[in-house]
Amino acid sequence: MNILTGNDLKTGEVVWWDGQNWSLSVHDAVDVGDMGEQILAAEEAARRVNVPYALVASRTEEGVRPAHIKDRVRALGPTVRRDLAVPTASKTGWDWVI
């Protein structure tokens, strides 16, 4: 299955094409088949999504699972626990590092 992802232009959040709009959940992603490039071009031109791209995924019992590890991380969120961050980062105003 081929699905689409990108970043919301206003918030920067990772979004997934659900067939009508962009969703924050990868599990809402639908198979776009060979229409991916056309949808991406239209959505990017409408300035609803930034740097959209198509990727390969599969549907499992747990939901949609991107094939590539990079996209799995994008789907599930950061791999770093904020509570393990350098303690001085928030005190120095460097909270953008996390």
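The values are calculated or read from the model by the stated rules, or taken from the named source; none is laboratory data. Because the structure is a prediction, the values reported are computed rather than measured. No Cβ is skipped: glycine too gets one built from the backbone with ideal geometry, and neighbour counts run over all protein chains shown. Quick note on the areas: whole protein, heavy atoms, side chains included, nothing else; ligands and nucleic acids left out. Shrake-Rupley method; radii C 1.70, N 1.55, O 1.52, S 1.80 Å.
The table below gives the values:
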quantity: Filtered residue count, region 1-30, keeping only those that are charged (D, E, K, R), out of contact with any Asp or Glu (no Cβ under 6 Å at 6 or more places or on another chain) and farther than 18 Å from ALA42 by Cα; calculated: 1
quantity: Residue satisfying all of: in region 22-60; modelled with pLDDT of 95 or more and part of a loop (DSSP other than H, G, I, E, B); nearest to ALA75 (Cα to Cα) among these; calculated: ALA29
quantity: When residues of region 32-42 are limited to those that are over 15 Å from the mean Cα position of the chain (by Cα) and either of a type in the set (S, T, N, Q) or surrounded by 15 or more Cβ atoms within 10 Å (Cβ to Cβ) (or both), the one nearest to ARG65 (Cα to Cα); calculated: VAL32
quantity: Criterion (within 18 Å of LEU76 (Cβ to Cβ), part of a loop (DSSP other than H, G, I, E, B) and open to solvent by less than 50 Å² (accessible area, probe 1.4 Å)) met by exactly one of GLY19, GLY6, GLY12; calculated: GLY12
quantity: Number of positions in region 43-66 that are among the aliphatic types (A, V, I, L, M) and surrounded by 13 or more Cβ atoms within 10 Å (Cβ to Cβ); calculated: 5
